[in-house]
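The values are calculated or read from the model by the stated rules, or taken from the named source; none is laboratory data. What you see is a predicted model; the values in this text were computed from it and never measured. Cβ sites come from the backbone with ideal geometry, for glycine too, and all protein chains shown count toward neighbours. Ligands, DNA and RNA are stripped out before the accessible areas are found, and what is left, the full protein with its side chains, is counted by its heavy atoms. Shrake-Rupley method; radii C 1.70, N 1.55, O 1.52, S 1.80 Å.
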Amino acid sequence: MTTHRDTLLALAAALSLSGAVMADDVTDQLESAKKAYESGELRTAVETLNFAIAKIQEQMTAGLLKLLPEPLAGWQADAGESQSGGMAAMITGTTLSRRYFREDGAEVTLSLMADSPMMPMLTMAMSMPFMMQANQDMKTYALKGNRGMLEHAADSDAYEITLMVGNRLVIQGKGSKLQDSKAVEQYLEALDLDAIQKALTN
C-alpha cells in the first residue's frame, strides 16, 4: 500500500528531475524539501514542495502569456495577465488577457479563455444563426476556419469579436474608440491559434 511518505518521496523525485532546468530558487527548495523529508519533517517537506510547485507554475504562466501578441505598429500594451487558479478560475476557466492602446485613446483587449462557461452559449448561437440575425448589432464572423460573432452598435465606437476555437477555447477581442473593427481583427489575426489551442487545452 502506498503511504503518505511514499507519495512525498515520489513527488520530490519527480520535481527534482523537472527542476533540473528551472531557476535556482526552485532547485534549492526541492533540495530543502528532500532534506526535510529525510529528517522526518513531513509538514515542512510539504510546505517547501508547495513553494517549489508555485514557482514552477509561475514559469508556466509566463510561457502562456507569450502566446499574446506584441503591440502593432503605433500601439502600446500593458503586461499580459493570467487567471488560472483559485475559485475564480473554477468559474471562468483559465484566462489570459492583454490590453493594447494608442495615444488617441483607442483600446483593444484580447482574452483567451479555456473551458469557459461561455462555450455552450456560443455553440448554441452558432447552431442557430437566426438568433444573431434577429439582433441588428450582431453578425456572424469567421477567422481561419473558426466560427464566431461580431457585435457592434451603429451609434457606438466599440467592437467585440468572439471566436470558438475547437470545443474548449473561446477567444475574444474587444475594442473601443475605434472607427471600425480592423484593429480588433488585426490582433486576432496575429494570434497563433494552433499553438494557443495546444497550450491551453492539452
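Within the stretch 156-202, track down each residue that is without any contact (Cβ under 8 Å) to a residue 40 or more places away in the chain, in contact with a helix residue (DSSP H, G or I) (Cβ under 9 Å, 6 or more places away or on another chain) and of a type outside the set (D, E, K, R). Tyr159, Ile161, Leu163, Val165, Gly166 - these are the residues of the stretch 156-202 that are without any contact (Cβ under 8 Å) to a residue 40 or more places away in the chain, in contact with a helix residue (DSSP H, G or I) (Cβ under 9 Å, 6 or more places away or on another chain) and of a type outside the set (D, E, K, R).
Taking the stretch 37-58 as the range and being within 25 Å of the chain's Cα centre (by Cα) and open to solvent by 80 Å² or more (accessible area, probe 1.4 Å) as the test, the residues that pass are Asn50, Phe51, Gln57, Glu58.
Among residues of the stretch 85-126 being modelled with pLDDT of 80 or more and acidic (Asp, Glu), the one that is surrounded by the most Cβ atoms within 10 Å (Cβ to Cβ) is Glu107. When the stretch 160-185 is filtered for residues that are among the polar types (S, T, N, Q) and more than 24 Å from Thr201 (Cα to Cα), the ones remaining, listed by number, are Ser176, Gln179, Ser181.
Take the conditions (1) closer than 21 Å to Ala62 by Cα; (2) β-branched (Val, Ile, Thr); (3) touching a Gly at 6+ places or on another chain (Cβ under 8 Å); Ile196 misses just one of them, which is (3).
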